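These notes concern the structure reproduced below.
The values are calculated or read from the model by the stated rules, or taken from the named source; none is laboratory data. All values reported here derive from a predicted model rather than from experimental measurement. As a convention, Cβ positions derive from the backbone with ideal geometry for all residues, glycine included, and neighbour counts pool all protein chains shown.
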Number of protein chains: 4
Amino acid sequence: MTTSPPDVIRCAYAELVVTDLPASRDFYVGVLGLVVTYEDDEALYLRAFEEYLHHSLVLRKGDLPALAVLAYRVRSAADLDLAEAYYGELGVRVERRAAGATRGIGEAVRVEDPLGFPVEFFHEAEHVERFTQRYDVHGAGALARLDHFNLDTPDVPAARKYYEGLGFRVSEDIQDDEGTVYAAWMFRKPTVHDVALTGGDGPRLHHIAFASHERHQILHICDHLGALRKSGMIERGPGRHGVSNAFYLYLRDPDGHRIELYTHDYYTGDPDNPVITWDVHDNQRRDWWGNPVVPSWYSEASTVLDLDGKPQPLIARSEAHEADVTIGADGFSYTTRQQKEFKLGEQV
Amino acid sequence: MTTSPPDVIRCAYAELVVTDLPASRDFYVGVLGLVVTYEDDEALYLRAFEEYLHHSLVLRKGDLPALAVLAYRVRSAADLDLAEAYYGELGVRVERRAAGATRGIGEAVRVEDPLGFPVEFFHEAEHVERFTQRYDVHGAGALARLDHFNLDTPDVPAARKYYEGLGFRVSEDIQDDEGTVYAAWMFRKPTVHDVALTGGDGPRLHHIAFASHERHQILHICDHLGALRKSGMIERGPGRHGVSNAFYLYLRDPDGHRIELYTHDYYTGDPDNPVITWDVHDNQRRDWWGNPVVPSWYSEASTVLDLDGKPQPLIARSEAHEADVTIGADGFSYTTRQQKEFKLGEQV
Amino acid sequence: MTTSPPDVIRCAYAELVVTDLPASRDFYVGVLGLVVTYEDDEALYLRAFEEYLHHSLVLRKGDLPALAVLAYRVRSAADLDLAEAYYGELGVRVERRAAGATRGIGEAVRVEDPLGFPVEFFHEAEHVERFTQRYDVHGAGALARLDHFNLDTPDVPAARKYYEGLGFRVSEDIQDDEGTVYAAWMFRKPTVHDVALTGGDGPRLHHIAFASHERHQILHICDHLGALRKSGMIERGPGRHGVSNAFYLYLRDPDGHRIELYTHDYYTGDPDNPVITWDVHDNQRRDWWGNPVVPSWYSEASTVLDLDGKPQPLIARSEAHEADVTIGADGFSYTTRQQKEFKLGEQV
Amino acid sequence: MTTSPPDVIRCAYAELVVTDLPASRDFYVGVLGLVVTYEDDEALYLRAFEEYLHHSLVLRKGDLPALAVLAYRVRSAADLDLAEAYYGELGVRVERRAAGATRGIGEAVRVEDPLGFPVEFFHEAEHVERFTQRYDVHGAGALARLDHFNLDTPDVPAARKYYEGLGFRVSEDIQDDEGTVYAAWMFRKPTVHDVALTGGDGPRLHHIAFASHERHQILHICDHLGALRKSGMIERGPGRHGVSNAFYLYLRDPDGHRIELYTHDYYTGDPDNPVITWDVHDNQRRDWWGNPVVPSWYSEASTVLDLDGKPQPLIARSEAHEADVTIGADGFSYTTRQQKEFKLGEQV
């Protein structure tokens, strides 16, 4: 590459296609407590309590549940030109979008990135009230801000290399002794990640994550779903990740889009931040408490659209799948290397 | 019955036989943070931070992991005579024990109760320092007090009737539409239970439980076990019970004895405290968040000794087992009655 | 006394006269999150989330802010007759009230007790939905139940003796080396108190207290008041009490009635529960962290009505006031007895 | 200035002179739970649980309690040359230090900055084990990382301008209607601050702050000090700041150095992060709950040494002091502008 990449600040918003806006509103506003910046019959524009840009999540009505776009904020308007040139050199589809093409967002560049995801870069965005201290409207499960995207992609090393080209650095990854890479966590803002790359058939959106301040806020959302008799929306957790050390919960929205609630990861902003590599057979990598990962978490993910709004075809992962090497007949995991190895499912 | 039962205050202590005292000490003192009142080569006498009686748990060295005794405190010394007469009339084995027969405990009456459990009634006990405000020694997972015993017994209605005879009241139970009772929660102190009766082959000890003040203290114990690479000791949870509304975690000690950590149940002390009956097919009864119960939790429990220290033979449950009617081929559960029913495992 | 006292279960509800019902509603419902069982133009009937009796607090519109009644629940209907006889023998005013005289409450006995407080005993009450698991309506500052009343009375030993006659026991008290008693905490349900007796001009209501499960729920109420720009309603705290070990916060409602939010006291239900006596000069007795008590907390309290609704005249405390011996020119306090004593205000 | 400033990543460590190392160890290790990287008879090198550089705090034995140095980490070794040149152009004293001049720290540049503080810039540092997941050694009051320095300086606008020259940006400040600036919060890492500038006689160190993940960890440290009968070390709080929104606690170490414990501020990393200006008369600016600031917090601070280890002379603030305009005879504050103004002390 001869062109400089745009200076990405952080992951900034996602747009999801949902099939039933009122049902989605019940979930994202009623249960997650996201703040409605704007809504009409076609879309909901939502933000978390400490965000002052117009939205960090757009839900747009459509026929097929899908990811419409992932947006990264760049440092300046000039970075849009860099983005246009950079992706031009990469040879992928690039579109310039006028300010307001997405409500609340200024001029932008949209691309179909080399991994097959629809990605937007923008700098300008409308400012709205930051509800950090609006405790009168914070619920028991208050969420502070968007934290990261997690993407299914067949070739993790290739995807990592692409994101390193954009200036992202790796905080943690999962490998095996043969060097197969199952997942990698990469960041621009100094947290564990802005984007995680999960090895799987792709491009698909695995999940987007919002951060809270404390764990009881996440636990409340479990309790709240129980009270609504919607505990089936809880897919996995709550638990503590080995990777990232974050306390987590995975939910499925009414269309099956996966949302993570997340808190307590760590500062990664120094240039020599140590990279942590986890063994795929380490039973505490995905859950520090050794609780099993449910199969759906490995296998299901959201369809991704191209810039014309058509579903991207899937490319199958050719390397081993993490689920296959850790669950079932051929998968051996351990809690301590010194132990006689045991299979998941035999645990206690 | 013509004899009055003793006036039971609450569940007070359990004695467990363990096979490796140092390993047990690592778990109960090192991880759970229980306070050592006394220890020698044969036994450990432990209490939680807000307890001022000599112990709420005795771990005694032996060849076979087992429950040696469950002890209830009675209101006065005179209740010992009542206990002796009451169990005499019940026709079960009764023994009078001198003060100090168990270190720190005064005169006592021990019986093999009609359910086959070794049960002690005592009033006098040695007082030791109450560490309520000794925050200098409270760890991040501080436990406040013993909360309850949970017993496997084949015939829950019969066991309930026996405990009602002793003055216990039911707070909650699990039944099905045919009237089969799968479990009942019964109390003397005004919490959800001092003893839970779980339908299963018995007599066996399902677990004993300690209460903390806040949920983060329980979460820390998960984190601590992860750090020790002993996450395999976490059997089930953390989660929120439907029954009792308590936040819970189930651990297995080095001998496989099950310990629950528990917080946030509710006051039951008024005479008209409403009894809650849960449908065995209600997927949120055991976990309010709908997370599945692991099979071992249903099937495994500790051997119970008779007053001679010999294992009690098991009596098989003849009615349906909760695991069988809620997991697998014939078990249908629901989150809301209105929903098309679904099987556990199909969840999400 | 030749008559047996009624068997009191616990403190059950209070009725306060407030001057501006909508303003009170904003505070008790809007900020504290209490559940409205019933309301009309004259009164609000409120309960906390784990309560199933009709109310634990009545706010009644009136011209003068005052305490109208303190109500204790008794074990059975027969206890009403005992109450009537008992107070008859005590020679105070006694009235029998028909069921429904207070909405939701059955037949009752009201007395002007020997301390000058209007006290009701009732057994029957209307049951309403218990919102324990209605997490869909629990706010971030959810309160679980009424915990206790705190009363200003000039002669604490006399008041203690009176309450001991009613079967209450002391958990903790504050004294000095000369034997002056400044306050005592007394209970029927097995918590630190159902009623606290504070030495001061009386009869006055010092405060009523509601319990939450965790401390963050109390902290949220502080944050919420800050967001409303009503931080002036926070009188004292949050802090940790020395006495009771509870985490606390004192608020003043729109009429100046003091409400405590409270959590983390301890179990007192065993007959030999150790009594803790604090030295009035111990700087950590009122706040374990040594933070000073604000003067208003010592001096201000709510007027108490007689059974005709007229303010009770005050009787001045003749013994030393706690504020006088611990704050200001003549008051010496210490953190450790070994230290050179220092005055409050010189702290740090 | 013609020279580029060094690229500062964040505040990285402080060195304090303490007079009694064992007493300081009791506080910083015994109570705050900081991890000892190295210690000898002359000094203690400490870090918090999520830090992997050799230390974030050095305590060095000396005769006079003082601040010996504040250290900022820079992005690369080349930034040391930039620092040397930059401060050379500023005309202040500059010293190059060899690697190891401070244990665990590589080559460094030390300066007496224009505000009179001894400041070090370093890039290389020894890596040590990051205890993020070492929950076996985390106490109930676990601290995650150094968060910021707070400095007393007489002329806040001048100090702000100096720090802006170094690339710091303002997140919040306190002013009055006449434009007097009382304090400013400035950052490099995307939190509310790496350094706060407080208007006062200076140069003095007001405090250094460590961050925890949750509030209960800070509350535990209060409880712990209470248990040690050292509650006198609690100077102010716990509380919620208006500025920064952080939950806070101020302690005084055995030499009187002030340590803040801090959590829950917000992300500031976007280039258009909104600056919040607080009115000095807003009673919720320093404590969102309106609790008063104790006078010592305004008046006391640590002596600062020059590069020869001699105390820097103080320069008096010529503008109004925040304490003077908000406490006492001439200070008017408000909770809401609409209210009749009231003085602090009259609150409630």
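Is at least one residue of the range A:204-227 farther than 20 Å from A:R47 by Cα and in a loop (DSSP other than H, G, I, E, B)? No. Only residues that are in contact (Cβ under 8 Å) with a residue 60 or more places away in the chain and either in contact with a Lys or Arg (Cβ under 7 Å, 6 or more places away or on another chain) or more than 14 Å from chain A (Cβ to nearest Cβ) (or both) were counted across the range C:112-150, and they come to 17. Across the range D:275-290, the number of residues qualifying as more than 10 Å from D:H241 (Cα to Cα) and within 14 Å of chain C (Cβ to nearest Cβ) comes to 5. May I ask you to list the residues in the range B:189-214 that are surrounded by 23 or more Cβ atoms within 10 Å (Cβ to Cβ), within 14 Å of chain A (Cβ to nearest Cβ) and under 25 Å from D:R215 (Cα atoms)? Once the filter is applied, which keeps residues that are surrounded by 23 or more Cβ atoms within 10 Å (Cβ to Cβ), within 14 Å of chain A (Cβ to nearest Cβ) and under 25 Å from D:R215 (Cα atoms), the range B:189-214 yields B:S212, B:H213.
Residues in the range C:1-20 that are within 20 Å of C:T303 (Cα to Cα), away from chain B (no Cβ under 14 Å) and buried (at least 18 other Cβ atoms within 10 Å of the Cβ): how many? Total meeting the criteria: 5. For the structure I just gave you, tell me whether C:H220 is within 13 Å of chain D (Cβ to nearest Cβ) and either out of contact with any Leu (no Cβ under 8 Å at 6 or more places or on another chain) or over 29 Å from D:M233 (Cα atoms) (or both). For C:H220, the condition - within 13 Å of chain D (Cβ to nearest Cβ) and either out of contact with any Leu (no Cβ under 8 Å at 6 or more places or on another chain) or over 29 Å from D:M233 (Cα atoms) (or both) - is met.
Assessment of the range C:309-323 against the conditions (buried (at least 23 other Cβ atoms within 10 Å of the Cβ), β-branched (V, I, T) and within 30 Å of C:T19 (Cα to Cα)) yields no matching residue. In the set A:E214, A:E235, A:E260, only one residue is more than 23 Å from A:S299 (Cα to Cα) and modelled with pLDDT of 95 or more; that residue is A:E214. Of everything in the range B:224-240 that's within 21 Å of C:R215 (Cα to Cα) and touching a residue at least 24 places away in the same chain (Cβ under 8 Å), which residue is farthest from the other protein chains (Cβ to nearest Cβ)? It comes out as B:G239. Looking only at the range A:36-47, residues that are in contact (Cβ under 8 Å) with a residue 24 or more places away in the chain, surrounded by fewer than 23 Cβ atoms within 10 Å (Cβ to Cβ) and not polar (S, T, N, Q) come to 2 in all.
For the range C:270-279, state whether one or more residues are crowded, with 22+ Cβ neighbours inside 10 Å, over 20 Å from C:D223 (Cα atoms) and of a type in the set (S, T, Y).
no
Within the range D:259-278, being among the acidic types (D, E) and either within 22 Å of the chain's Cα centre (by Cα) or at positive phi (or both) holds for D:E260, D:D265. Put simply, of B:T191, B:T153 the only residue that is among the hydroxyl-bearing types (S, T, Y) and closer than 24 Å to B:G91 by Cα is B:T153. When the test is whether a residue is touching a strand residue (DSSP E or B) at 6+ places or on another chain (Cβ under 6 Å), hydroxyl-bearing (S, T, Y), assigned to a loop (DSSP other than H, G, I, E, B) and in contact (Cβ under 8 Å) with a residue 40 or more places away in the chain, D:T198 does not pass it. Residues of the range D:259-274 that are more than 7 Å from chain A (Cβ to nearest Cβ) and touching a residue at least 24 places away in the same chain (Cβ under 8 Å): D:I259, D:E260, D:L261, D:Y262, D:T263, D:D265, D:T268, D:N273.
So how many residues does the range C:271-287 have that are in contact with a strand residue (DSSP E or B) (Cβ under 6 Å, 6 or more places away or on another chain) and within 24 Å of C:A144 (Cα to Cα)?
1
Among the residues of the range A:293-305, those that are surrounded by fewer than 19 Cβ atoms within 10 Å (Cβ to Cβ) and within 13 Å of chain B (Cβ to nearest Cβ) comprise A:P295, A:S296, A:S299, A:E300. Taken over the range A:70-97, the criterion of being crowded, with 23+ Cβ neighbours inside 10 Å and within 15 Å of A:L307 (Cα to Cα) is satisfied by A:A71, A:Y87. Would you mind stating whether C:Y38 is under 22 Å from C:L115 (Cα atoms) and of a type in the set (S, T, Y)? Considered against the rule, which asks whether it is under 22 Å from C:L115 (Cα atoms) and of a type in the set (S, T, Y), C:Y38 comes out as no.
Assessment of the range D:159-172 against the conditions (under 22 Å from D:H54 (Cα atoms), touching a residue at least 12 places away in the same chain (Cβ under 8 Å) and more than 13 Å from every other protein chain (Cβ to nearest Cβ)) yields no matching residue. Can you confirm whether D:Q175 is without any contact (Cβ under 8 Å) to a residue 12 or more places away in the chain and among the polar types (S, T, N, Q)? It is false that D:Q175 is without any contact (Cβ under 8 Å) to a residue 12 or more places away in the chain and among the polar types (S, T, N, Q). Any idea how many residues of the range B:146-186 are of a type in the set (F, W, Y) and within 19 Å of B:R286 (Cβ to Cβ)? Going through the range B:146-186 one residue at a time, the tally reaches 3.
Yes/no matrix, rows are residues, columns are (1) under 28 Å from C:L314 (Cβ atoms); (2) among the charged types (D, E, K, R):
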position: C:V29; (1), (2): no, no
position: C:G33; (1), (2): no, no
position: C:D41; (1), (2): no, yes
position: C:L57; (1), (2): yes, no
position: C:L67; (1), (2): yes, no
position: C:Y72; (1), (2): yes, no
position: C:Y87; (1), (2): yes, no
position: C:E95; (1), (2): yes, yes
position: C:I105; (1), (2): no, no
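Inside the range A:125-138, residues that are touching a Gly at 6+ places or on another chain (Cβ under 9 Å) and crowded, with 19+ Cβ neighbours inside 10 Å make up a count of 4. When every residue of the range B:74-84 is checked against the conditions, at least one turns out to be modelled with pLDDT of 95 or more and either within 19 Å of the chain's Cα centre (by Cα) or among the aromatic types (F, W, Y) (or both).
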